[in-house]
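Heads up, the thing below is written out as structure tokens.
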Amino acid sequence: MNTTNDAIDIIWKKLNTTVKQQITGDVYKLNRRINSDKEDIVINSLPISPDFPESCVVNVNIYVPNISVKIYGKVDNTMPDTLRLKQLTKLVRQQLESVSEAHYIYSYDGQAVIPSPETNEYYSNIRVYFVFAGEEAAMTEE
């Protein structure tokens, strides 16, 4: 039996080795550091199906701090950094297009930019459709 943690671990390992050097922050599982003002990637999951083959949707959330602009002589830091969101989304999406291994497959399933009122910034959400194709995924957590 596989779990959502197995899928998260697999995606985390991929992004932690291929994308981490391109962001100012870190790649996290489930939650990011409180009050982070860095570019961070957070990987979490929707529930895994109880049927065979087991499947779930893994969310990859790319957080980018807002930019500061001067509007009518006042500094406004509520503007999303759309250029950086676009760059990082493209970079991460290239890593998650389609992968087929012995015990699992995953592929890109959609994307949206979402405001985060709690952090006063925006994040790009990439959905990855994940299917465990065999017995348990052979993964060791880093």
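Bear in mind these aren't lab numbers, they're just calculated from the coordinates by the rules spelled out. From a predicted model like this one, the values you see are computed outputs, not experimental measurements. Positions of Cβ are backbone-derived with ideal geometry, glycine not excepted, and every protein chain shown enters the neighbour counts.
How high is the FRET efficiency from T18 to N120, r the C-beta distance, R0 35 Å, rounded to 0.05?
Efficiency for this residue pair is about 0.75.
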**Q.** Relative packing of peptides 114-123, 36-45 - highest average C-beta neighbours within 10 Å first
**A.** 36-45, 114-123
Q) D51 to V131: extension gain in nm, 0.36 nm per residue of separation minus the Cα-Cα distance? A) 27.7 nm
Q: Enumerate the lysines that K70 could reach by cross-link, defined here as Cα to Cα under 27 Å, with residues fewer than 8 away along the same chain left out.
A: K38, K86
**Q.** Calculated [θ] (222 nm, deg cm²/dmol) that DSSP helices of n ≥ 4 give over the chain, each run adding -39,500 (n - 2.57)
**A.** -6500 deg cm²/dmol
Q) Put a dot 7 Å past each Cα toward the Cβ at R33 and N77; how far apart are the dots in nm? A) 1.7
Q: May I ask for the angle, rounded to the nearest 10°, between helix 82-95 and the longest principal axis of the chain, with both axes built from Cα atoms and the value confined to 0 to 90°?
A: 10
Q.
Beyond 19 Å, how much of the Cα-Cα pair distribution for the chain remains, as a whole percent?
A. 52
